[in-house]
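Please read the structure below before turning to the comments.
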Amino acid sequence: MQAKITLSVVRDAVPQEKTLKIYDTLLKGFVLFVRPTGKKTWYVDYRKPDGTRTNYFIGHATLLTVVEAREEARKFLAAINRGEDPTAPPLPQPDMAPTLETFLRDHYAPWVAINSVNPPINYRYTKLNP
């Protein structure tokens, strides 16, 4: 079913035997799912880069208004159009993890100084002292 999804459409949507999908006429890909249990949820229907169709869950209609859900869908679809994959886990940032040298200097060396029986030998192994 296609319709301009508004508050009244969401409120008046009646559960069917199977999941009812109401596609928005304002934003292609924005969909309201009405489950047989009466639960209403927002989704984005889109194609992955490999060509398969899939749905991305935005939220429950009881928690998000039509305007909020449509804006989230718009952001998601914009990312897809830019060639990004919003569902992919974020890549680790190279500057987030300390280097071995900074870890040894900032964490290991103080620990060795307190806990080691012979700290100078351990320092030599880590090349912290010239």
(Q) Which residue is nearest to residue 87 (Cα to Cα), if the candidates are limited to region 1-26 and must be hydrophobic (A, V, I, L, M, F, W, C) and surrounded by 13 or more Cβ atoms within 10 Å (Cβ to Cβ)? (A) 22
Q. Condition test on residue 52, is it of a type in the set (S, T, N, Q) and surrounded by 13 or more Cβ atoms within 10 Å (Cβ to Cβ)?
A. no
Q) Under the condition of being assigned to a loop (DSSP other than H, G, I, E, B) and in contact with a strand residue (DSSP E or B) (Cβ under 9 Å, 6 or more places away or on another chain), which residue from region 2-26 is farthest from residue 65 (Cα to Cα)? A) 16
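Give the number of residues within region 49-71 that are touching a residue at least 24 places away in the same chain (Cβ under 8 Å) and farther than 22 Å from residue 19 by Cα. Write out each step before concluding.
In the first step, residues of region 49-71 are kept if they are touching a residue at least 24 places away in the same chain (Cβ under 8 Å); the result is 49, 55-56, 61, 65-66, 69-70.
In the following step, the residues that additionally are farther than 22 Å from residue 19 by Cα were identified as 49.
Here the count works out to 1.
Pick out the one residue from 83, 29 that is on the phi > 0 side of the Ramachandran plot and either loosely packed, with under 13 Cβ neighbours inside 10 Å or among the hydrophobic types (A, V, I, L, M, F, W, C) (or both). Before the answer, list the steps.
Values: 29 fails: either loosely packed, with under 13 Cβ neighbours inside 10 Å or among the hydrophobic types (A, V, I, L, M, F, W, C) (or both).
That would be 83, the only listed residue that is on the phi > 0 side of the Ramachandran plot and either loosely packed, with under 13 Cβ neighbours inside 10 Å or among the hydrophobic types (A, V, I, L, M, F, W, C) (or both).
Restricting region 86-115 to residues that are touching a residue at least 24 places away in the same chain (Cβ under 8 Å) and surrounded by 14 or more Cβ atoms within 10 Å (Cβ to Cβ), which is nearest to residue 51 (Cα to Cα)? Steps first, please.
Step one: list which residues in region 86-115 are touching a residue at least 24 places away in the same chain (Cβ under 8 Å), which gives 86-87, 104.
With the extra rule that they be surrounded by 14 or more Cβ atoms within 10 Å (Cβ to Cβ), the set shrinks to 86, 104.
Working: 86: 16, 104: 48 Å.
That would be 86.
Where a number appears in this text, it was derived from the coordinates with a stated rule and is not lab data. This one's a predicted model, so the numbers in the text were calculated from it and none came from an experiment. Every residue, glycine as well, gets a Cβ built from its backbone with ideal geometry; the counts of neighbours run over all protein chains shown.
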